[in-house]
Amino acid sequence: MPAYVLIEIEIHDKSMYFQYIEKARPIVESYGGNYIIRGGKTEILFGDWEPERIILIEFPARENIERCFHSTEYLEIKHLRENSTNTRAIILEGYDHL
C-alpha cells in the first residue's frame, strides 16, 4: 500500500536549504520516493493554516519511508534542513483500492 510524507517547511536560510534539496532528492528517489508536490502556490480552503512551502512525497510503502529517512545517506545531510528551516512532517497511509 502506498504511503506519503507530507512536509511543511518555513525557510530561514535559502542557500543552505537549496543545498539540502539538491542532495535530498536523489536519496528520496533511490528509496522509491516520487515527489507529487514540491512547493508551489497554496490557498487557504479551511481554517487558518498558512504554510510557506508544502512537499508531498509518495512511496511504495511505509517501510520505504522509514528506510529513507533513517539511512546513512539521509542522516549525513539532515543537518542542512534542520539548520535552515522549521519543518513539520507526517506519514500518511495511502488508500488500499482492493
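The values are calculated or read from the model by the stated rules, or taken from the named source; none is laboratory data. This structure is a prediction, so every number in the text was calculated from the model and none was measured. Every residue, glycine among them, receives a Cβ derived from its backbone with ideal geometry; neighbour counts consider all protein chains shown. Accessible surface areas use protein heavy atoms only, side chains included; no ligands, DNA or RNA. Shrake-Rupley method; radii C 1.70, N 1.55, O 1.52, S 1.80 Å.
Open to solvent by less than 90 Å² (accessible area, probe 1.4 Å) and outside any helix (DSSP H, G or I): is that true of GLU8 in this structure? Yes; evaluated as a whole, the condition is true for this residue. Within the range 60-75, track down each residue that is aliphatic (A, V, I, L, M) and part of a helix (DSSP H, G or I). Result: ILE65, LEU75. Scanning the range 11-35 for residues that are acidic (Asp, Glu) and not in a helix (DSSP H, G or I) yields a single hit, ASP13. Between a first residue in the range 1-29 that is without any contact (Cβ under 8 Å) to a residue 24 or more places away in the chain and a second residue that is of a type in the set (Gly, Ala, Ser) and surrounded by 17 or more Cβ atoms within 10 Å (Cβ to Cβ), which pairs have beta carbons less than 7 Å apart while being 6 or more apart in sequence or on different chains? Between residues of the range 1-29 that are without any contact (Cβ under 8 Å) to a residue 24 or more places away in the chain and residues that are of a type in the set (Gly, Ala, Ser) and surrounded by 17 or more Cβ atoms within 10 Å (Cβ to Cβ), there is no close pair.
Can you tell me which residue within the range 22-56, out of those that are at pLDDT 90 or above and among the β-branched types (Val, Ile, Thr), is most open to solvent (accessible area, probe 1.4 Å)? Residue satisfying both the conditions and the ranking: ILE36. Restricted to the range 57-80, and to residues there that are out of contact with any strand residue (DSSP E or B) (no Cβ under 9 Å at 6 or more places or on another chain) and of a type in the set (D, E, K, R), the residue that is surrounded by the fewest Cβ atoms within 10 Å (Cβ to Cβ) is GLU76.
Note on the range 36-59: among residues that are in a loop (DSSP other than H, G, I, E, B) and either among the aliphatic types (A, V, I, L, M) or in contact with a Lys or Arg (Cβ under 7 Å, 6 or more places away or on another chain) (or both), the one that is nearest to ALA89 (Cα to Cα) is GLY39. Which one is nearest to TYR20 (Cα to Cα), of the residues in the range 81-98 that are at pLDDT below 95 and open to solvent by 90 Å² or more (accessible area, probe 1.4 Å)? Of everything passing the filter in the range 81-98, GLU93 is nearest to TYR20 (Cα to Cα).
For the range 3-26, a residue qualifies if it is out of contact with any Lys or Arg (no Cβ under 9 Å at 6 or more places or on another chain), closer than 15 Å to GLU58 by Cα and of a type outside the set (A, V, I, L, M, F, W, C), and the qualifying residues are TYR4, PRO26.
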